[in-house]
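Let me begin by presenting the structure, written as structure tokens, before commenting on it.
Readers should treat all values here as calculations from the given coordinates under stated rules, not as data from a laboratory. Everything numeric here is computed off the predicted structure, so don't read it as measured data. Cβ placement follows ideal geometry from the backbone for every residue including glycine, while neighbour counts extend to all protein chains displayed.
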Amino acid sequence: MNDVIVVGLGPAGSTAAYRLASMGYKVIALDKESFPRYKPCGGCVSTKIDAIKDFDFSHLVESTISGAIFSFKAYKSLDIISDKPLGYNIMRDVFDNFLVEKAQQAGAKILEERRVKDFIVTPSSVTVITDTGEAFKGKFLICADGSVGGVARQYFGFDSKESAISLTTEVSCDTSELAEMMGKIFIDFGFVPHGYAWIFPKKKFLSVGVAGEARYLKGRKLQDCFEAFTRGHRVLKDCVIEKRTGCTIPFFYRECRR
Ligand SMILES: Cc1cc2nc3c(=O)[nH]c(=O)nc-3n(C[C@H](O)[C@H](O)[C@H](O)COP(=O)(O)OP(=O)(O)OC[C@H]3O[C@@H](n4cnc5c(N)ncnc54)[C@H](O)[C@@H]3O)c2cc1C
């Protein structure tokens, strides 16, 4: 019998596993993926993280952000520069892997390549069942399987109209261009109806993406918005864009409205 079972080892699950294991609880934490794994994300973490994490992760920070450059259709920019750091640009595959290692070092048992298919709740325990045919029993279950995780959707429901869709990629670009963009994030409006596009510079890549509300995209494919943004942006137009990853982000706020 475990004290806590954590499903999903993104930042939420691994931090919960780390904290609980550090306090001496018997924790087992499962993820369907093998780490490090790619996570579609801009990778800009708010400096609010400083109040949460009690360990150093500065070696993973690709750049500290102190400015946001807003533009409309890639021109007419509005630069907002702060004298304080606003966020840290990290690569999610590296950052999430580090957090999983911290949870493991704290004593949590980490099990990768285990997709949780179902869970059975009784008054005194919960049993999770994985696609490998294993069953794990605990007193508490933390569902941290993220916005696309089946467990969260099973609980909150999923309506494709009540969601956003996104496309992300990592783009190599000229190093002098990268150096100039460091320390800022770039957010553009106009290419995506009821959405936006972004460029978050990292040491070797630009994390680039578009996202918008699924219901307002209507017939227009997000892919077209992505193409228009990348072709229309001074820095991106000559870059080779290879792999793109799509992701749906459900709005769970319907529950909050009640
Ligand atoms: C395109 C995009 C860009 C974003 N950009 C930013 C940004 O720049 N800054 C920011 O702060 N936030 C950003 N976000 C939001 C951010 O990615 C999430 O808030 C964050 O990842 C949530 O963390 P989490 O731990 O809750 O879930 P996740 O990071 O989604 O982790 C969930 C984990 O659960 C695992 N899992 C799922 N289902 C199962 C299952 N059935 N069994 C076992 N394991 C399972 C997955 O493999 C995954 O590892 C972005 C999101 C998207 C989609």
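If you count, for each residue, the other Cβ atoms within 10 Å and average over each peptide, how do 10-17, 120-127, 197-204 line up from highest to lowest? Could you put the intermediate results ahead of the total?
Numbers: 10-17: 23.1, 120-127: 10.8, 197-204: 20.9.
Taking the mean over residues of other Cβ atoms within 10 Å, the ranking is 10-17, 197-204, 120-127.
Using only Cα coordinates, the Kirkwood hydrodynamic radius of the chain works out to 19.9 Å. Entry note, the range 111-178: relative contact order of 18 percent, from Cα contacts under 8 Å with a spacing of 6+ residues. Across the range 11-123, C-alpha contacts under 8 Å between residues 6 or more apart give a mean separation that, scaled by the residue count, equals a relative contact order of 45 percent. From most to least packed by mean Cβ count within 10 Å, the peptides 78-84, 169-175 give 169-175, 78-84.
For the chain, averaging the sequence separation of C-alpha pairs within contact (under 8 Å, six or more residues apart) and dividing by the residue count gives a relative contact order of 23 percent. Remark: spin-label model distance ASP79-ILE187 equals 1.8 nm, labels positioned 7 Å along the Cα→Cβ axis.
With a Förster radius of 22 Å applied to the beta-carbon distance between ALA51 and MET23, the computed FRET efficiency rounds to 0.75. So which trypsin sites (Lys or Arg not before Pro) in the range 122-189 end up in coil per DSSP with only 11 or fewer other C-beta atoms within 10 Å? Counting only loop positions with at most 11 other Cβ atoms within 10 Å, the trypsin sites (Lys or Arg not before Pro) in the range 122-189 are LYS161.
Please report, ordered by residue number, every helix of the chain (full DSSP H runs) that is 18 Å or longer along its axis going by C-alpha atoms and whose mean Kyte-Doolittle hydropathy reaches -1.0. Qualifying helices: 92-105. Between TYR38 and VAL94, full extension at 0.36 nm per residue minus the direct alpha carbon distance yields a gain of 19.3 nm.
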